[in-house]
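Visitor: First, the structure itself, so that you have it in front of you.
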Amino acid sequence: MYNPVLDTFITVAECGSFTKASELLYISPTAVMKQMNTLEAHLDLKLTERTPTGVKLTAAGEIIYRDAKFMKDYSKKSLAEAKAAEHSYDTTFCVGTSLLNPAKPFMDIWYRVNKKFPDYKLHLVPFEDDHDGILSEIKKLGEKFDFLIGVCDSKAWLSLCNFMPLGRYKKMIAVSREHRLALKSSIGLEDLYGETLMMVKRGDSGVNDFIRNDLEKNHPQIHIEDTPQFYDLSVFNRCAETGNVLLTIECWQEVHPGLVSIPVNWDYSIPYGLLYSLNAPDDVKRFVDEAAKLAGKEM
(Lines give C-alpha, C1' and ligand atoms only; values in the text may rest on other atoms or scores of the structure.)
Protein backbone atom coordinates (compact mmCIF):
# COMPACT_ATOMS: atom_id res chain seq x y z
CA MET A 1 0.00 0.00 0.00
CA TYR A 2 2.57 2.59 1.16
CA ASN A 3 6.09 2.18 -0.27
CA PRO A 4 8.52 2.02 2.69
CA VAL A 5 11.28 3.46 0.47
CA LEU A 6 9.45 6.76 0.91
CA ASP A 7 10.42 6.61 4.61
CA THR A 8 14.07 6.70 3.55
CA PHE A 9 13.38 9.64 1.23
CA ILE A 10 11.54 11.57 3.96
CA THR A 11 14.37 10.95 6.41
CA VAL A 12 16.98 12.12 3.90
CA ALA A 13 14.95 15.23 3.15
CA GLU A 14 14.58 16.10 6.82
CA CYS A 15 18.21 15.34 7.75
CA GLY A 16 19.76 16.89 4.64
CA SER A 17 22.37 14.14 4.72
CA PHE A 18 22.67 10.51 3.62
CA THR A 19 24.95 9.78 6.60
CA LYS A 20 22.62 11.27 9.20
CA ALA A 21 19.66 9.51 7.60
CA SER A 22 21.52 6.19 7.73
CA GLU A 23 22.11 6.64 11.47
CA LEU A 24 18.41 7.21 12.12
CA LEU A 25 17.36 4.32 9.89
CA TYR A 26 20.04 1.94 11.24
CA ILE A 27 21.31 1.10 7.75
CA SER A 28 24.52 2.04 5.93
CA PRO A 29 24.89 5.27 3.92
CA THR A 30 25.40 3.08 0.85
CA ALA A 31 22.05 1.39 1.45
CA VAL A 32 20.41 4.80 1.79
CA MET A 33 21.84 5.97 -1.52
CA LYS A 34 20.79 2.72 -3.26
CA GLN A 35 17.22 3.16 -2.03
CA MET A 36 17.21 6.78 -3.22
CA ASN A 37 18.52 5.73 -6.64
CA THR A 38 15.83 3.04 -6.84
CA LEU A 39 13.09 5.53 -5.97
CA GLU A 40 14.32 8.12 -8.50
CA ALA A 41 14.54 5.46 -11.20
CA HIS A 42 11.04 4.24 -10.39
CA LEU A 43 9.58 7.76 -10.52
CA ASP A 44 11.84 8.86 -13.38
CA LEU A 45 12.53 12.04 -11.40
CA LYS A 46 15.59 13.70 -9.87
CA LEU A 47 14.61 14.20 -6.22
CA THR A 48 17.85 15.34 -4.56
CA GLU A 49 21.10 17.05 -5.42
CA ARG A 50 24.34 17.27 -3.48
CA THR A 51 25.58 20.65 -2.27
CA PRO A 52 28.65 21.69 -0.24
CA THR A 53 26.41 21.75 2.85
CA GLY A 54 24.68 18.40 2.28
CA VAL A 55 21.70 17.04 0.35
CA LYS A 56 19.07 19.40 -1.02
CA LEU A 57 15.67 18.62 -2.54
CA THR A 58 14.98 19.52 -6.13
CA ALA A 59 11.72 21.25 -7.06
CA ALA A 60 10.26 17.81 -7.90
CA GLY A 61 11.65 16.46 -4.64
CA GLU A 62 9.87 19.16 -2.65
CA ILE A 63 6.53 18.09 -4.14
CA ILE A 64 7.17 14.38 -3.56
CA TYR A 65 8.32 15.11 0.00
CA ARG A 66 5.12 17.04 0.75
CA ASP A 67 2.85 14.37 -0.68
CA ALA A 68 4.90 11.46 0.71
CA LYS A 69 4.29 12.72 4.25
CA PHE A 70 0.57 12.96 3.48
CA MET A 71 0.58 9.45 2.00
CA LYS A 72 2.37 8.07 5.04
CA ASP A 73 -0.14 9.59 7.46
CA TYR A 74 -3.09 8.59 5.27
CA SER A 75 -1.76 5.04 4.96
CA LYS A 76 -1.46 4.71 8.74
CA LYS A 77 -5.02 5.95 9.17
CA SER A 78 -6.29 3.59 6.48
CA LEU A 79 -4.56 0.59 8.03
CA ALA A 80 -5.91 1.48 11.47
CA GLU A 81 -9.45 1.65 10.09
CA ALA A 82 -8.96 -1.62 8.22
CA LYS A 83 -7.75 -3.35 11.37
CA ALA A 84 -10.70 -1.94 13.27
CA ALA A 85 -13.05 -3.26 10.59
CA GLU A 86 -11.34 -6.64 10.75
CA HIS A 87 -11.78 -6.67 14.51
CA SER A 88 -15.43 -5.77 14.07
CA TYR A 89 -15.85 -8.72 11.70
CA ASP A 90 -14.10 -10.98 14.20
CA THR A 91 -16.64 -9.97 16.83
CA THR A 92 -19.70 -10.65 14.71
CA PHE A 93 -21.53 -13.98 14.73
CA CYS A 94 -23.08 -14.73 11.34
CA VAL A 95 -26.24 -16.81 11.69
CA GLY A 96 -27.96 -18.49 8.75
CA THR A 97 -31.72 -18.20 8.44
CA SER A 98 -34.21 -19.76 6.04
CA LEU A 99 -37.84 -20.80 5.77
CA LEU A 100 -37.29 -24.26 7.29
CA ASN A 101 -34.33 -23.32 9.49
CA PRO A 102 -35.21 -19.87 10.88
CA ALA A 103 -32.83 -18.05 13.22
CA LYS A 104 -35.47 -17.35 15.89
CA PRO A 105 -34.41 -20.23 18.19
CA PHE A 106 -30.86 -18.87 18.02
CA MET A 107 -32.09 -15.39 18.90
CA ASP A 108 -33.92 -16.80 21.94
CA ILE A 109 -30.58 -18.20 23.16
CA TRP A 110 -28.60 -15.11 22.21
CA TYR A 111 -30.62 -12.72 24.35
CA ARG A 112 -30.06 -14.97 27.35
CA VAL A 113 -26.27 -15.34 27.03
CA ASN A 114 -25.16 -12.21 25.15
CA LYS A 115 -23.92 -10.54 28.34
CA LYS A 116 -21.02 -12.96 28.17
CA PHE A 117 -20.22 -11.67 24.66
CA PRO A 118 -20.36 -7.89 25.26
CA ASP A 119 -18.40 -6.89 22.12
CA TYR A 120 -20.28 -9.19 19.74
CA LYS A 121 -23.02 -8.42 17.27
CA LEU A 122 -25.22 -10.70 15.18
CA HIS A 123 -25.55 -10.69 11.41
CA LEU A 124 -28.35 -12.76 9.86
CA VAL A 125 -27.48 -14.39 6.55
CA PRO A 126 -30.42 -15.70 4.47
CA PHE A 127 -30.12 -18.91 2.46
CA GLU A 128 -32.46 -21.10 0.42
CA ASP A 129 -33.86 -24.46 1.60
CA ASP A 130 -33.27 -26.16 -1.72
CA HIS A 131 -33.01 -29.94 -1.42
CA ASP A 132 -30.37 -30.00 -4.16
CA GLY A 133 -28.25 -27.25 -2.61
CA ILE A 134 -28.61 -27.58 1.16
CA LEU A 135 -25.44 -29.66 1.56
CA SER A 136 -23.39 -26.94 -0.13
CA GLU A 137 -24.81 -24.46 2.41
CA ILE A 138 -23.88 -26.75 5.31
CA LYS A 139 -20.34 -26.90 3.92
CA LYS A 140 -20.14 -23.09 4.24
CA LEU A 141 -20.30 -23.22 8.04
CA GLY A 142 -17.16 -21.43 9.18
CA GLU A 143 -17.12 -19.29 6.02
CA LYS A 144 -20.57 -17.94 5.14
CA PHE A 145 -22.10 -18.68 8.56
CA ASP A 146 -20.83 -19.25 12.09
CA PHE A 147 -24.05 -20.99 13.05
CA LEU A 148 -27.16 -22.57 11.66
CA ILE A 149 -29.92 -23.75 13.95
CA GLY A 150 -32.45 -26.36 13.05
CA VAL A 151 -33.53 -29.97 12.97
CA CYS A 152 -30.63 -32.33 12.39
CA ASP A 153 -30.84 -36.10 12.19
CA SER A 154 -29.13 -36.33 8.83
CA LYS A 155 -26.05 -38.49 8.39
CA ALA A 156 -25.05 -36.33 5.41
CA TRP A 157 -25.33 -33.10 7.42
CA LEU A 158 -23.48 -34.54 10.42
CA SER A 159 -20.58 -35.58 8.19
CA LEU A 160 -20.05 -31.89 7.33
CA CYS A 161 -20.49 -30.09 10.65
CA ASN A 162 -20.66 -30.29 14.41
CA PHE A 163 -24.08 -30.48 16.05
CA MET A 164 -24.99 -29.52 19.61
CA PRO A 165 -28.56 -30.66 20.48
CA LEU A 166 -30.75 -28.16 22.30
CA GLY A 167 -34.01 -30.09 22.44
CA ARG A 168 -36.47 -32.08 20.38
CA TYR A 169 -39.45 -31.28 18.16
CA LYS A 170 -42.48 -33.55 18.00
CA LYS A 171 -43.26 -35.32 14.76
CA MET A 172 -46.64 -34.31 13.32
CA ILE A 173 -48.51 -34.68 10.05
CA ALA A 174 -49.63 -31.91 7.69
CA VAL A 175 -52.63 -31.98 5.36
CA SER A 176 -54.35 -29.50 3.10
CA ARG A 177 -57.11 -27.40 4.63
CA GLU A 178 -59.68 -29.33 2.54
CA HIS A 179 -58.47 -32.74 3.73
CA ARG A 180 -60.86 -34.94 5.72
CA LEU A 181 -58.49 -34.84 8.70
CA ALA A 182 -57.92 -31.08 8.68
CA LEU A 183 -60.38 -30.28 11.49
CA LYS A 184 -59.10 -32.90 13.91
CA SER A 185 -57.20 -31.70 16.98
CA SER A 186 -55.16 -34.91 17.00
CA ILE A 187 -55.17 -38.24 15.22
CA GLY A 188 -54.23 -41.88 15.72
CA LEU A 189 -52.38 -43.99 13.19
CA GLU A 190 -55.63 -45.71 12.23
CA ASP A 191 -56.84 -42.34 10.92
CA LEU A 192 -54.12 -42.55 8.29
CA TYR A 193 -55.20 -45.92 6.90
CA GLY A 194 -55.79 -45.62 3.17
CA GLU A 195 -53.77 -42.39 3.00
CA THR A 196 -50.47 -41.72 1.21
CA LEU A 197 -47.88 -40.47 3.69
CA MET A 198 -45.03 -38.45 2.24
CA MET A 199 -41.68 -38.77 4.05
CA VAL A 200 -37.97 -38.67 3.23
CA LYS A 201 -36.57 -41.77 1.59
CA ARG A 202 -34.77 -44.31 3.71
CA GLY A 203 -31.09 -44.15 4.62
CA ASP A 204 -30.18 -40.70 5.95
CA SER A 205 -32.24 -40.14 9.11
CA GLY A 206 -32.34 -42.63 11.98
CA VAL A 207 -35.58 -41.21 13.37
CA ASN A 208 -37.38 -41.26 10.03
CA ASP A 209 -36.10 -44.74 9.23
CA PHE A 210 -37.42 -45.95 12.61
CA ILE A 211 -40.85 -44.45 11.89
CA ARG A 212 -40.90 -45.98 8.42
CA ASN A 213 -39.99 -49.43 9.78
CA ASP A 214 -42.77 -49.19 12.35
CA LEU A 215 -45.36 -48.14 9.76
CA GLU A 216 -44.33 -50.77 7.22
CA LYS A 217 -44.40 -53.54 9.82
CA ASN A 218 -47.40 -52.59 11.95
CA HIS A 219 -49.48 -50.30 9.73
CA PRO A 220 -49.19 -51.50 6.12
CA GLN A 221 -52.56 -49.85 5.39
CA ILE A 222 -50.63 -46.56 5.16
CA HIS A 223 -48.98 -46.10 1.77
CA ILE A 224 -45.59 -44.37 1.92
CA GLU A 225 -44.32 -42.04 -0.81
CA ASP A 226 -40.66 -41.00 -0.85
CA THR A 227 -39.81 -37.32 -0.90
CA PRO A 228 -36.35 -35.90 -1.70
CA GLN A 229 -33.76 -36.53 1.01
CA PHE A 230 -34.20 -33.00 2.37
CA TYR A 231 -37.46 -31.04 2.46
CA ASP A 232 -37.89 -27.74 0.69
CA LEU A 233 -40.98 -25.71 -0.20
CA SER A 234 -41.70 -27.93 -3.22
CA VAL A 235 -42.43 -30.83 -0.85
CA PHE A 236 -45.02 -28.77 1.04
CA ASN A 237 -46.50 -27.61 -2.27
CA ARG A 238 -46.90 -31.23 -3.44
CA CYS A 239 -48.70 -32.11 -0.22
CA ALA A 240 -51.13 -29.22 -0.72
CA GLU A 241 -51.68 -30.03 -4.41
CA THR A 242 -52.10 -33.82 -4.17
CA GLY A 243 -54.10 -34.14 -0.97
CA ASN A 244 -51.48 -36.49 0.45
CA VAL A 245 -50.38 -36.46 4.09
CA LEU A 246 -46.91 -35.10 4.93
CA LEU A 247 -44.72 -36.18 7.83
CA THR A 248 -43.60 -32.92 9.39
CA ILE A 249 -42.53 -31.39 12.73
CA GLU A 250 -44.09 -28.92 15.13
CA CYS A 251 -41.78 -26.02 14.24
CA TRP A 252 -42.94 -26.11 10.60
CA GLN A 253 -46.61 -25.41 11.30
CA GLU A 254 -46.49 -22.01 9.57
CA VAL A 255 -44.32 -22.94 6.59
CA HIS A 256 -47.21 -23.35 4.12
CA PRO A 257 -50.45 -21.38 4.61
CA GLY A 258 -52.46 -24.00 2.72
CA LEU A 259 -51.55 -26.80 5.14
CA VAL A 260 -52.71 -27.69 8.64
CA SER A 261 -50.38 -29.49 11.06
CA ILE A 262 -51.93 -32.08 13.38
CA PRO A 263 -50.43 -33.92 16.37
CA VAL A 264 -50.29 -37.72 16.17
CA ASN A 265 -50.78 -40.10 19.10
CA TRP A 266 -47.21 -41.34 19.07
CA ASP A 267 -43.98 -40.47 20.87
CA TYR A 268 -41.81 -39.72 17.87
CA SER A 269 -39.61 -36.62 17.95
CA ILE A 270 -36.42 -35.39 16.31
CA PRO A 271 -33.48 -33.36 17.71
CA TYR A 272 -32.81 -29.74 16.90
CA GLY A 273 -29.85 -27.60 17.85
CA LEU A 274 -26.80 -25.63 16.78
CA LEU A 275 -24.81 -26.54 13.70
CA TYR A 276 -21.28 -25.16 13.47
CA SER A 277 -18.01 -25.78 11.65
CA LEU A 278 -15.86 -28.85 12.22
CA ASN A 279 -12.98 -26.38 12.60
CA ALA A 280 -14.83 -23.76 14.63
CA PRO A 281 -12.82 -20.91 16.24
CA ASP A 282 -12.66 -20.54 20.00
CA ASP A 283 -15.38 -17.89 20.28
CA VAL A 284 -17.87 -20.10 18.43
CA LYS A 285 -17.00 -23.02 20.73
CA ARG A 286 -17.43 -20.75 23.74
CA PHE A 287 -20.92 -19.76 22.57
CA VAL A 288 -21.80 -23.42 22.02
CA ASP A 289 -20.69 -24.18 25.58
CA GLU A 290 -22.91 -21.42 26.95
CA ALA A 291 -25.87 -22.66 24.90
CA ALA A 292 -25.25 -26.20 26.16
CA LYS A 293 -25.28 -24.98 29.78
CA LEU A 294 -28.55 -23.17 29.12
CA ALA A 295 -30.10 -26.25 27.52
CA GLY A 296 -28.89 -28.41 30.42
CA LYS A 297 -30.64 -26.19 32.97
CA GLU A 298 -33.93 -26.51 31.13
CA MET A 299 -33.87 -30.29 30.76
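The values are calculated or read from the model by the stated rules, or taken from the named source; none is laboratory data. It should be emphasised that the depicted structure is a prediction, and the values quoted were computed from it without experimental measurement. Quick reminder, even Gly has a Cβ in these numbers, built from the backbone with ideal geometry, and neighbours come from all protein chains shown. Remember, those area values only see protein heavy atoms, side chains included, never the ligands or the DNA or RNA. Shrake-Rupley method; radii C 1.70, N 1.55, O 1.52, S 1.80 Å.
Visitor: Just wondering, is there one or more residues in region 112-125 that are of a type in the set (Phe, Trp, Tyr) and in a loop (DSSP other than H, G, I, E, B)? Show your work before the answer.
Guide: Step one: of region 112-125, the residues of a type in the set (Phe, Trp, Tyr) are 117, 120.
From what is left, the residues that are in a loop (DSSP other than H, G, I, E, B) are 117, 120.
Yes - at least one qualifying residue is present in region 112-125.
Visitor: State whether the residues of region 270-288 include one that is open to solvent by 30 Å² or more (accessible area, probe 1.4 Å), under 27 Å from the mean Cα position of the chain (by Cα) and closer than 30 Å to residue 190 by Cα.
Guide: yes
Visitor: Related question: Residue check, residue 137 against (1) under 20 Å from residue 277 (Cα atoms); (2) surrounded by fewer than 20 Cβ atoms within 10 Å (Cβ to Cβ); (3) among the acidic types (Asp, Glu), all met but one. Which one?
Guide: Only one criterion is unmet by residue 137, namely (2).
Visitor: Being touching a residue at least 60 places away in the same chain (Cβ under 8 Å), in a strand (DSSP E or B) and in contact with a helix residue (DSSP H, G or I) (Cβ under 8 Å, 6 or more places away or on another chain): is that true of residue 197 here?
Guide: Judged against the criteria, residue 197 is not a match.
Visitor: Checking the condition touching a Phe, Trp or Tyr at 6+ places or on another chain (Cβ under 7 Å), closer than 19 Å to residue 105 by Cβ and not in a helix (DSSP H, G or I), which residue from 255, 284, 288 passes?
Guide: Values: 284 fails: not in a helix (DSSP H, G or I); 288 fails: not in a helix (DSSP H, G or I).
Going through 255, 284, 288 in turn, the sole match is 255.
Visitor: Looking only at residues that are in contact with a His (Cβ under 9 Å, 6 or more places away or on another chain) and farther than 15 Å from residue 192 by Cα in region 236-258, which one is surrounded by the most Cβ atoms within 10 Å (Cβ to Cβ)?
Guide: Once the filter is applied, the top-ranked residue is 236.
Visitor: Shifting gears a bit: Could you tell me whether residue 143 is open to solvent by less than 30 Å² (accessible area, probe 1.4 Å) and either touching a Phe, Trp or Tyr at 6+ places or on another chain (Cβ under 6 Å) or not in a strand (DSSP E or B) (or both)?
Guide: Considered against the rule, which asks whether it is open to solvent by less than 30 Å² (accessible area, probe 1.4 Å) and either touching a Phe, Trp or Tyr at 6+ places or on another chain (Cβ under 6 Å) or not in a strand (DSSP E or B) (or both), residue 143 comes out as no.
Visitor: Quick check on my filter: what residues within region 194-235 are of a type in the set (Phe, Trp, Tyr) and either more than 22 Å from residue 156 (Cα to Cα) or loosely packed, with under 13 Cβ neighbours inside 10 Å (or both)?
Guide: Matches in region 194-235: 210 only.
Here's the yes/no breakdown for (1) at pLDDT 95 or above; (2) touching a strand residue (DSSP E or B) at 6+ places or on another chain (Cβ under 6 Å); (3) hydrophobic (A, V, I, L, M, F, W, C); (4) more than 21 Å from residue 96 (Cβ to Cβ):
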site	(1), (2), (3), (4)
209	yes, no, no, yes
215	yes, no, yes, yes
220	yes, no, no, yes
235	yes, yes, yes, no
261	yes, yes, no, yes
265	yes, no, no, yes
275	yes, yes, yes, no
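Visitor: Let me ask another. For region 144-159, what are the residues that are more than 14 Å from residue 99 (Cα to Cα) and touching a residue at least 12 places away in the same chain (Cβ under 8 Å)?
Guide: 144, 145, 146, 147, 152, 153, 154, 155, 156, 157
Visitor: Any residue in region 170-185 that is surrounded by fewer than 20 Cβ atoms within 10 Å (Cβ to Cβ) sitting within a Cβ distance under 7 Å of a residue that is among the charged types (D, E, K, R)? List the pairs, counting only those 6 or more apart or interchain.
Guide: 170/250; 181/191
Visitor: Quick check on region 159-181. Is at least one of its residues among the β-branched types (Val, Ile, Thr) and at pLDDT below 95?
Guide: Looking through region 159-181, none of the residues is among the β-branched types (Val, Ile, Thr) and at pLDDT below 95.
Visitor: Any chance you could count how many residues in region 18-55 are of a type outside the set (A, V, I, L, M), outside any helix (DSSP H, G or I), open to solvent by less than 50 Å² (accessible area, probe 1.4 Å) and closer than 21 Å to residue 72 by Cα?
Guide: Number of matching residues: 1.
Visitor: Tally up the residues in region 94-118 that are among the charged types (D, E, K, R) and closer than 16 Å to residue 146 by Cα, please.
Guide: 1
Visitor: Pull up region 90-108, narrow it to residues that are open to solvent by 20 Å² or more (accessible area, probe 1.4 Å) and part of a helix (DSSP H, G or I), then point me to the one that is farthest from residue 233 (Cα to Cα).
Guide: 90
Visitor: Of all residues in region 204-247, which are touching a helix residue (DSSP H, G or I) at 6+ places or on another chain (Cβ under 6 Å) and either acidic (Asp, Glu) or without any contact (Cβ under 8 Å) to a residue 12 or more places away in the chain (or both)?
Guide: 204
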